Amino acid sequence: MSGSDARKWWALVAIAASVLVVGLDLTVLSLALPVLSAQLHASTSDLQWFSAAYSLVLAAALLPAGLLGDRMGRKKLLLIALVLFGISSAACAFSTSSAELIAARVVLGLGAAAIFPMSIAVLPVLFTDDERPRAIAVVMGATFIGYPVGPLLGGWLLDNFWWGSVFLINVPVVVLALVAVALLMPESHGARATGIDLPGIALSSLGLASLTYGFIKAGQDGWSDATAVATMVAGAVLLVAFVAWERWITGRGQPLIQLELFRSAGFTWGTVLVTFVSFAMFGILFAIPQYFQEVLGFDSFGSGLRLLPLIGGMVVGMLAGTRLQTPRTKDGEPVKAAPLGARPLVTVGFAVMAVALAVGAATKVTSGTGLAVAWLTLAGLGLGLAMPAAMNVALGALSPERSGSGSALITALRQVGATIGVAVLGTVLLSGYRSRLSVGHLPAVAAEAVRSSVAGGVAVARATHSADLLIMVRTAYVHGQDVMLAVCAVIALASAVLALIFLPRRAAATPAGTPATPAGTPATPAGAPAAPTAPAVAADGTGAVGVAAADGTARPVAAGRSSEDNQHHDRARRR
């Protein structure tokens with residue numbers, strides 16, 4: 001391995017560390033809420049805003065952050081975002097009031113909005129088409145590792161130190177990521193055009209924030225809540241207006257996103273399937289920790305420990321999927337095409353997830369940990385096969401010139417999918433839980449506490465020393481969880497069918513006609529012809545893209561051709 005090759009893989013470690021710190025923060029907050037309520041005298045509304053403020057800013061800032069990274073440089077923006085994230089994490093730790101913590105969470109969300117898309121945007125720039133599946137697996141793995149590690153680390157810190165330590169753990173990770181990114185990651189950016197799509201930024205930010213808030217509100221207060229319905233409708237209207245505006249400005253100015261990307265079957269269905277993964281997996285990560293804690297009786301640390309099989313299965317799936325997507329080489333030259341392409345991998349991955357979730361849906365209140373560990377491991381295996389392969393197909397349609405804004409679009413859809421997943425699947429779980437409760441004999445306040453959540457029900461049962469109520473609450477929750485997992489299994493099965501029908505057989509080669517502009521390249525003069533910013537999609541619907549050759553002409557790349565074939569074709573063409 002040459003020095004430059006080693007450097008980019010070390011840079012990938014820095015990128016993974018950047019993503020990991022965001023994943024850790026997402027999980028530790030939920031553990032700290034009871035302590036924050038007491039220490040900061042936070043109301044229920046304050047507790048909701050600790051999470052909502054972060055989510056709303058994250059949703060609103062994703063697309064502008066992608067465009068900004070393309071303009072000013074992805075490395076530079078990632079460094080700025082990490083500094084913001086580190087400072088705001090320290091501000092969270094030393095907050096003395098709810099208002100201070102909410103303000104710090106707003107800045108934290110702003111930093112995360114740049115970290116996520118920039119971490120993905122550099123992958124098409126740094127890595128070849130053959131290397132990209134491995135790079136995606138590393139970044140995706142870092143994203144999900146934070147979910148079980150957060151409760152493990154956060155639970156230990158809360159048991160042994162002051163509550164602010166759960167936010168301060170971000171700071172050393174941020175410092176390490178800053179040093180690594182600064183030293184190892186090369187700078188890249190797109191053409192520094194002068195136009196900025198201000199109406200597009202406003203419409204997309206307001207639309208995504210409104211839609212996100214509406215689903216959060218619906219998940220908390222029910223789908224009949226007037227505020228939830230109004231904000232969801234307003235968000236949807238704003239996003240429709242945003243798409244209409246982007247269609248109009250394309251060809252007349254500098255659009256915020258490239259709508260022509262959706263003509264590519266790879267980008268469209270890769271993004272849709274990645275979003276479906278987020279929808280299902282965030283529902284699982286919302287429900288299963290409650291099952292471990294309130295039904296099986298483990299603490300936060302024990303709950304996080306029992307989520308590790310999900311990560312173990314995911315790692316095995318990612319390693320297997322990466323190997324199956326990597327061509328065989330000898331002396332650096334490809335000698336055999338990759339055994340499998342994206343379509344079979346994603347299809348099999350979702351099918352494995354569907355089987356695992358169906359097994360999980362058969363859980364009984366007496367099942368114990370063994371069954372949960374088994375189906376979580378299997379679900380992780382399916383996730384590891386499907387997620388990186390689907391992401392690779394979506395990223396294959398992005399030109400390095402606009403990889404920042406394209407990655408931000410993928411991330412925004414994933415974020416909305418995760419928010420909708422928690423709201424919708426949370427409602428399914430709560431409805432199933434309530435359908436098995438009988439609380440007419442309880443005082444009104446106690447009955448409402450039991451109906452509100454399994455944690456409330458367990459607390460009431462223990463306070464009243466009622467073994468029968470405890471059994472009923474736990475049985476009801478397991479029923480609600482089973483219904484939710486059955487819905488997730490149907491989603492996974494439908495995703496497998498969609499992948500089989502619509503996903504291209506292999507990821508397209510990264511468009512080569514618009515290389516990422518090295519740092520220091522002069523900006524594009526005003527009025528000069530714009531460089532091509534998107535691959536031209538074949539009219540036959542196969543997902544093939546037009547790649548610019550060295551002489552400026554366009555040549556097609558077959559969707560089914562591996563990247564090694566394309567390289568051989570290039571060498572033959574030059575000869």
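The values are calculated or read from the model by the stated rules, or taken from the named source; none is laboratory data. All values derive from a computational prediction rather than experimental measurement. Note that we place each Cβ from the backbone using ideal geometry, even for glycine, and neighbour counts take in every protein chain shown. Note: accessible area is taken over every heavy atom of the protein model, side chains too, but ligands, DNA and RNA are not part of it. Shrake-Rupley method; radii C 1.70, N 1.55, O 1.52, S 1.80 Å.
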Roughly speaking, what is the centre-to-centre gap between the range 1-74 and the range 373-447 when only Cα atoms are used, to the nearest Å?
17
Can you give the Rg/Rh ratio of the range 403-483, where Rg is from the C-alpha atoms and Rh is the Kirkwood radius?
1.24
Which whole-angstrom value gives the distance between the alpha carbon centres of the range 251-303 and the range 100-142?
14
Please give the residues of the range 59-100, grouped as numeric ranges, whose backbone N is less than 16 Å from a label point set 7 Å along the Cα-to-Cβ vector of ALA202.
64
Within 10 Å, count the other beta carbons around each residue, average over each peptide in 436-445, 311-320, 248-257, and list them highest first.
311-320, 248-257, 436-445
Return the sequence-ordered ³J(HN,Hα) values of the range 481-493 in whole Hz as given by the Karplus equation 6.51 cos²θ - 1.76 cosθ + 1.60 applied to θ = phi - 60°, using x for Gly and Pro.
5, 4, 5, 5, 5, 5, 5, 4, 5, 5, 4, 5, 5
Given backbone amide H placed at 1.01 Å from N, residues whose amide H is under 5 Å from that of ALA361, ignoring those fewer than 5 places away on the same chain, are none
Where the Cα atoms of the range 208-277 are projected onto their three principal axes, how long is each span, largest first, in whole Å?
42, 29, 13
Using a 1.4 angstrom probe and counting only protein chains, how large is the accessible area of ASP129 in Å², to 10?
40
What accessible area, in Å² to the nearest ten, does a 1.4 Å probe give for ILE288?
0
What is the distance, in nm, between label points placed 7 Å from the Cα along the Cα-to-Cβ direction at ARG434 and at ASP5?
5.9
Separation in nanometres of the label points that stand 7 Å from Cα toward Cβ, at ARG462 and VAL445
1.9
Cα convex hull volume per residue for the range 41-112 (Å³)
61
